[in-house]
Structure formats: structure tokens, C-alpha cells
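Reviewing the structure listed below.
Bear in mind these aren't lab numbers, they're just calculated from the coordinates by the rules spelled out. Bear in mind the structure is a predicted one, so any value in this text is a computation, not a measurement. Note that we place each Cβ from the backbone using ideal geometry, even for glycine, and neighbour counts take in every protein chain shown.
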């Protein structure tokens, strides 16, 4: 019998309060290696707060966060990212007046320190050129490599953001509503892109498009009012009466997301 994949990210009793308001209460989460795990729930469920806690943008009021068994509770965002947990918006800023290839090259330069060595000749960047093209090919943007980023349609800009994200070679990628603002055609394209980049990586995603969740996620955790309501595969989640009730009755503000 094959052992289940090990947990890469775990939260134990994770809680966060804001001036007396409990945004997240006692969340236990286990994200297994090389899987796509979705975090869903109605507005105000605490999904984004959990993301902010895992990535070090917020410090928990109580509870623990483990990465590959190491306690990373309370580490700042840059320290969390250096360990290999990258949230898409952390490095997804596009420079509109630079080309598609230049955007990816800048992301590749960050770990090497080349971005700060202004006196180096352009040939110093030649070793990055092949990797730039590899990343652009992976996200379907190689034909657009010399185009200004400002001229890309919105869906293709999202693909460029994925390329800059992958340039940091994250072990775990957290995606906060990757389908937000996309048209139907772009949703299909980005969904397939997520499936492609998931090879050899672990992905934790917040997503409101349940059709995309059903298509991509092997495991789903449902939050409601800051607590875990249910967990399982899509078939189990979609037939759970408590989950159905939470979505139908969920009308809270998404202030805590």
C-alpha cells in the first residue's frame, strides 16, 4: 500500500483576531506535497487571512504554521519566500514599458543579484536568456517575447505574472483567486497553465470559480466564518449539506476574505 504524500504546509489551531474580531479560529490545514489544494468558502470566510498568515504578511494570534516540519510561525514574508513559499502577488508586478522577456529576466535576476550590478555588461545576462525563453514557452508567451507588456490582453498579462512567479522556482505556490477578472476563454487557458506549472510543485489556491476548483483541485478545504467547515475531494464537498447551506446563506462582507 502506497503511503500518502507528506504534508508540506500544515497549520495547527491557527487563529487571528483584529481588535476583538476573530477572522480565523482554530484552522487545521494540511497541504500535501505535489498536489493542488483549494481553499474555498463564502465571502468573509477567512480565506485571504489564512493566506496572509501562511506567507508572513500577518502574525497569528495563536496557533502554529509548519513548512516541511519546520515551525515558521511569525516569520516575515521575505523569510517565508526564501524558504520556497511564494504568493503570486508578491512578485507578479508587471513593468508595462518593458518587454515580456525583460519582465521575466528581471525576476530571474533577483536571486542572482545581477539586478543590482549596474556596471556589469549586457553579456553578463546572457546565461539567463535560455531560461527566459523556457519560462515564456511554458506559459505560451514565447511568440510575444519582444512585445511591450502594456500591450498584452489581460489574460496574457496574467500568464506573464505566472512566468515571473516561476522564475523564483518556488516549491510551494499560493494563488489568490487566479481567475478573477478573466473571460471564459482566458479561464480555460489559465486553468491549463496552473495544471502545467503544478508538475513537481505544490499549489494552494483560493478560488471562487467552483468549476475550476472541480477541474484542478485534488483536495478542498471549505472555510466558513473563519473555521474549517469541511474537507475532501470535490464530490464529497459538493454533496455536503453544510457546505451547500454556507454558500446559499453566505452574505457576509468579504472584509476578512
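Using a Gaussian network model of the chain in which every pair of alpha carbons under 10 angstrom is joined by a spring, one finds that among 30, 88, 238 the greatest mean-square fluctuation is at 238. For the chain, the longest principal axis of the Cα atoms and the long axis of helix 126-138 meet at an angle of about 50 degrees.
Once fully extended, how much extra length lies between residue 147 and residue 102, figured as 0.36 nm per residue of separation less the alpha-carbon to alpha-carbon distance? Intermediate results must be reported in sequence, preceding the final value.
Values: separation 45, 0.36 × 45 = 16.20 nm, distance 0.97 nm.
My answer for the length gained is 15.2 nm.
Computed from the Cβ-Cβ distance with R0 of 22 Å, the FRET efficiency linking residue 235 to residue 208 stands at 0.70.
Axis of helix 100-112 versus longest Cα principal axis of the chain: the two differ by about 80°, to the nearest ten degrees. Can you tell me the 0 to 90 degree angle between the C-alpha axis of helix 184-197 and the longest principal axis of the chain, rounded to 10? Approximately 80 degrees, to the nearest 10. For residue 199 and residue 22, a Förster radius of 51 Å and the Cβ-Cβ distance give a FRET efficiency of 0.85, rounded to the nearest 0.05. Helix content alone sets the calculated 222 nm mean residue ellipticity of the chain: runs of n ≥ 4 DSSP H residues at -39500 (n - 2.57) each, divided across all residues, give -10000 deg cm²/dmol. Model label points for residue 180 and residue 33, set 7 angstrom from Cα along the Cα-to-Cβ axis, are 3.2 nm apart. At full extension, residue 188 and residue 215 could sit 8.7 nm farther apart than now, given 0.36 nm per residue minus the alpha carbon distance. Between residue 70 and residue 57, the contour length at 0.36 nm per residue exceeds the alpha carbon distance by 2.9 nm.
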